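One structure is given below, encoded as structure tokens.
What follows draws every value from the coordinates through simple rules; no lab data is involved. Note that this is a predicted model, so its numbers are computed, not measured. Note: ideal-geometry Cβ built from the backbone for every residue, glycine included; neighbour counts use all protein chains shown.
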Amino acid sequence: MNVVIVEHLPQEPAAAIAEVLEQAGARTRIIDPKHQQLPACCDAAVIMGGPMSANDDLPWLKRELAWTAAQLERGTPMFGVCLGAQIMARAAGACIGPSPVRELGWYPVYPTAQAASDPLFRDWPRDGMHVFQWHGETFTLPERATLLATHPEVPHQAFRLAPGQYGLQFHLEVEARIIDLWLHECEDEVAHLGIKGVRAIRRLTPAHAPCALRMCHRMIRAWHRMIEEHIATT
């Protein structure tokens, strides 16, 4: 099984997602779409985050959007995180725009009724779970998408397109060291948070990160099984 991992910045790696896939026996290949060509075919793809917008008029981003649309149409299993989810949504016909709330830090996300029957989201706590957010934009729901997770202020938190194709606005894959790196390097976000906001993230991370990582592991193991089923039937 060959899984392409699209990483827009070294500071936003697939982290636990890649670790679980590799532990399950998948061969992962990291591609920077700004400098490398995306393959015409792959067994599955992960699209990670980044500071750019899915609306940016950048040649490499246009190529990535076209590639994503082609993979979605082909039925390739995909897993998009933050910007990656927005790229998937836009490639599927949705719009990207400012989020009603600039979510930076730990926020609760709640499963929808449809999550109970989904292979990845059925174990999501009914009363919600805190996840790490790092975004200022959001997406409309693609016409053929199923909403799986939500929040009252930013409703579109996670969706499924075809079987095996998922977009998550939030980060389940990050551990404390990555969050600390972002708090050191992301000047605009840190300025928006202020000292109190940064302190709140540092205080809450030990409480919430282990639960989010455990959920990440369960979800990616389930996604890996879906990739295996997809390969077996194509």
Next on the checklist: For the condition farther than 25 Å from Ala113 by Cβ, touching a Leu at 6+ places or on another chain (Cβ under 6 Å) and surrounded by fewer than 20 Cβ atoms within 10 Å (Cβ to Cβ), what is the one hit in Leu204, Leu213, Leu193, Leu183?
Outcome noted: Leu193
Next on the checklist: It is to be established whether one or more residues within the stretch 145-158 are surrounded by fewer than 16 Cβ atoms within 10 Å (Cβ to Cβ), within 19 Å of Leu213 (Cα to Cα) and in contact with a helix residue (DSSP H, G or I) (Cβ under 7 Å, 6 or more places away or on another chain).
Outcome noted: no
Item to check | Selection from the stretch 53-94 of residues that are more than 15 Å from the chain's Cα centre (by Cα) and farther than 28 Å from Pro119 by Cβ | outcome: Asn55, Asp56, Asp57, Leu58, Pro59, Trp60, Leu61, Lys62, Arg63, Ala66
Checklist entry - Between a first residue in the stretch 155-174 that is within 16 Å of Gln133 (Cα to Cα) and a second residue that is surrounded by fewer than 22 Cβ atoms within 10 Å (Cβ to Cβ) and of a type in the set (D, E, K, R), which pairs have beta carbons less than 9 Å apart while being 6 or more apart in sequence or on different chains? => result Gly167/Arg160; Glu173/Glu19
Checklist outcome for this item: Across (1) outside any strand (DSSP E or B); (2) buried (at least 22 other Cβ atoms within 10 Å of the Cβ), Val109 clears everything bar (1)
Checklist entry - Yes or no: Val4 assigned to a strand (DSSP E or B) and among the hydrophobic types (A, V, I, L, M, F, W, C)? => result yes
Checklist entry - Quick one: which of Ala45, Ala14, Ala85 is in a helix (DSSP H, G or I) and either touching a residue at least 12 places away in the same chain (Cβ under 8 Å) or surrounded by 19 or more Cβ atoms within 10 Å (Cβ to Cβ) (or both)? => result Ala85
Checklist outcome for this item: Those residues of the stretch 48-71 that are part of a helix (DSSP H, G or I) and acidic (Asp, Glu) come to a total of 1
Item to check | Given (1) of a type outside the set (Phe, Trp, Tyr); (2) within 17 Å of the chain's Cα centre (by Cα); (3) not in a loop (DSSP other than H, G, I, E, B), number of the condition Pro98 does not satisfy | outcome: (2)
